[in-house]
Amino acid sequence: MREIRGFRLFDGFLPSDSQARMVDEVREVVRAAPLFQPVTRRGQALSVRMTSAGRLGWVTDRRGYRYEAAHPSGASWPPIPPSVLDVWKAVAPEARAPDSCLVNWYAPQARMGLHQDRDEADFSQPVVSISLGDDALFRIGNRERGGRTESVWLRSGDVVVMGGEARLTFHGVDRIAPGSSTLLEAPGRINLTLRVAG
């Protein structure tokens, strides 16, 4: 484990066989709650597609950023896969159980601008991020916008814990390295983000 600006990075936390099993479980989630294209309040489409698992799912549309109890189709979110919950228990054993797992699909051209995860009710609870598939250049900023940033490549099987002083630090994904992993059938990256939403 290494630490960058309070972010705890567990390099290669998941071995290849565990990654493959997790991908199979995530595919079941997507079958039950298909990926959708989110938009901001201003109507700008994000470059990632997403869905969720758990009691609550994170959504964004013209009504803003928020958690909802159902997929945009009206269907209930599927449960968080057991293999994903096992990661949370291993890297955040002191935390409450997560009630939301955001599933982001990054196609090769997708990215995520610097942002804070602040739609949750209790910032004392960490956010846990799992990377599957192609490498992503992850940028870590500050608690306020602006200033010097640091970047690190996240690879398939890496886990990041954002807690404590780092919980409200700005972060984002600058780019994906297509073909850097053979885990998925197509170029791209799956990011799973576990949160205590309520």
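Only the coordinates and a few stated rules stand behind these numbers; no lab work does. Quick caveat: nothing in here was measured; it's all calculated off a predicted structure. Using ideal geometry, Cβ is built from the backbone for each residue, glycine included, and neighbour counts are taken over all protein chains shown.
Brief remarks on what is shown
- Ordering H115, H171, H71 by the number of other Cβ atoms within 10 Å of each residue's own Cβ, fewest first, gives H115, H71, H171.
- When T182, T51 are arranged by Cβ crowding within 10 Å, least crowded first, meaning fewest neighbours, the order is T182, T51.
- Estimated dipole of the chain in Debye, rounded to 20 [Cβ of Lys and Arg +1, of Asp and Glu -1, Cα centre]: 680
- The string of couplings for segment 161-172 from the Karplus curve (6.51, -1.76, 1.60, θ = phi - 60°) is 10, 10, x, x, 5, 8, 4, 10, 6, 5, 7, x Hz, one whole number per residue in order, with x for Gly and Pro.
- Sorted fewest first by neighbouring Cβ atoms within 10 angstrom, S124, S18, S129 come out as S124, S18, S129.
- Calculated from backbone phi, Karplus (6.51, -1.76, 1.60) coupling profile of segment 19-30 in Hz, x at Gly/Pro: 4, 5, 5, 5, 4, 4, 5, 5, 4, 5, 4, 5
- Centroid-to-centroid, using Cα positions, segment 20-66 and segment 95-141 are 12 Å apart.
- Stokes-Einstein diffusion for segment 2-195, with the hydrodynamic radius set to the Kirkwood value over Cα pairs and evaluated at 37 °C in a medium of 0.692 mPa s, equals 197 µm²/s.
- 5 Å-binned pair-distance histogram of segment 152-198 (Cα, whole percent): 4, 15, 25, 24, 15, 10, 7, 1
- In order through segment 185-198: 3J(HN,Hα) via Karplus (6.51 cos²θ - 1.76 cosθ + 1.60), integer Hz, x for Gly, Pro: 6, 10, x, x, 9, 9, 10, 10, 10, 8, 9, 8, 7, x
- Put simply, the amide H of A197, placed in the peptide plane, has neighbours under 5 Å in D99, S100, leaving out anything fewer than 5 places away on its chain.
- Taken along the Cα-to-beta-carbon direction at a fixed 7 Å, the label points for S76 and A97 span 1.4 nm.
- Residue among R42, R55, R118 with the largest mean-square fluctuation in a Gaussian network model of the chain, springs linking Cα atoms under 10 Å: R42
- Under DSSP loop assignment and at most 10 Cβ neighbours within 10 Å, longest GluC sites (Glu not before Pro)-free interval of the chain: 1-93
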